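What follows is a single structure, written as structure tokens, with notes after it.
Values quoted throughout were computed directly from the atomic coordinates according to the rules given, and no laboratory measurement underlies them. Note that the structure is predicted; figures quoted are calculated from it, not measured. Using ideal geometry, Cβ is built from the backbone for each residue, glycine included, and neighbour counts are taken over all protein chains shown.
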Amino acid sequence: DENKRQIASRKSIERYKMGGVLGEGAFSVVYSAVDLVSKEKVAIKIIKKYQLDQKQRDNVLKEVNLMKQLNHPNIVRLIEFIENENYFYLVQEVVSGGEIFNQIVKYTYFSEDLSRHVIIQVAEALLYMHEQVGIVHRDLKPENIFFKPIKVVKEDQKTRLQKLRKSDTNAKLDEGKFVMNYGGGGIGLIKIGDFGLSKQIVLNENNSLKTPCGTIGYTAPEIVRDMKYSKEVDMWALGCVLYILLCGFPPFFNDSIEELTKTVARGEFKFLSPWWDEISSGAKNCVSKLLTVNPIQRYTVEQFLKDPWILDSEKGRHSHR
Ligand code: ADP
Ligand code: MG
């Protein structure tokens, strides 16, 4: 016990027993690990300091500082930050299902119900970040959205799956679709992570944006513009994520970065046939309100959460109970 207490008090990476790799980024590797004191599973993002210049190191500290301020069920919690000579360690709560990205790859696309189940939770995280803390994520994408799995297999589902396999040549896809339509598709709690590109914005008591220093009349346009449009970039990204969830591919893609930049700048996207044919007009309308070029007309997170397609489900969900 004394030994345990000693371990607990030492702010050292030795407190954790390292496991396998959960994911990799450009400058980081994320490992699963076990806290030897609490026996809890964690995820540890390890960053090699020698690979980073001073500015990049400062950014890691910024990421840590921002994460420390966040306390919300739909946001990955930072448990502790450890730094030694060679490494930064971001000890985080583990989100065992991994990236939502891999689920899209696995199942091609999600049902409208499951897409809604996921996107509402992402929006709840944004509502908290934007309106309560004043942090914009700026790197929202399926690779940075994680999930906790829930078990959904029931007897009647098993027998239906067996029937599907016998009757349908396209069984694999249908099976996926069926599973995704059933009981939330095994996706439970959603948590967003990777605050590496996030930024603090300045909020006043009424949670509206304010200038960091003095009168607006003397503030440089880039600062005003940056603060004014910062939340909206997350809402655009939310639109891209919702689009991908519903059809399985992104709204904007082009092998040429130049062409891609142009189509994004014009906000040129289509609800491509046949993939979007079966998707409701309510869902399409909701995506369009997010993928609106003019940031002033684009949905805010509050508006998004009141969208008819989003609220529709609320009714549905209650009636299922
Ligand atoms: P980077 O900034 O390098 O992209 P991320 O924070 O996005 O780093 O982590 C890289 C990958 O590691 C993620 O895409 C995910 O697959 C995995 N990962 C990160 N944090 C967690 C976590 N808390 N739980 C489970 N997997 C995680
Ligand atoms: Mg990432």
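Here are the numbers for this structure:
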{"quantity": "Ascending count of other beta-carbon atoms within 10 Å, so fewest first, for F195, F269", "calculated": "F269, F195"}
{"quantity": "Sequence-distant residues sharing a close amide H with I75 (under 5 Å, placed H)", "calculated": "I192"}
{"quantity": "Whole-number D in µm²/s for region 219-286 (Stokes-Einstein; Kirkwood sum over Cα pairs; 4 °C, 1.567 mPa s)", "calculated": "94"}
{"quantity": "Förster-model FRET efficiency, 30 Å R0, T108 and N65, C-beta, rounded to 0.05", "calculated": "0.20"}
{"quantity": "Likely footprinting exposure, D234, D307, D226, fewest C-beta neighbours within 10 Å first", "calculated": "D226, D307, D234"}
{"quantity": "Percent of Cα-Cα distances greater than 24 Å, calculated over region 1-132", "calculated": "41"}
{"quantity": "Net charge, R298 excluded, C-beta distance under 11 Å - Lys, Arg +1, Asp, Glu -1", "calculated": "0"}
{"quantity": "Footprinting exposure proxy for H137, H130, H72, H117 (fewest neighbouring C-beta atoms within 10 Å first)", "calculated": "H72, H117, H130, H137"}
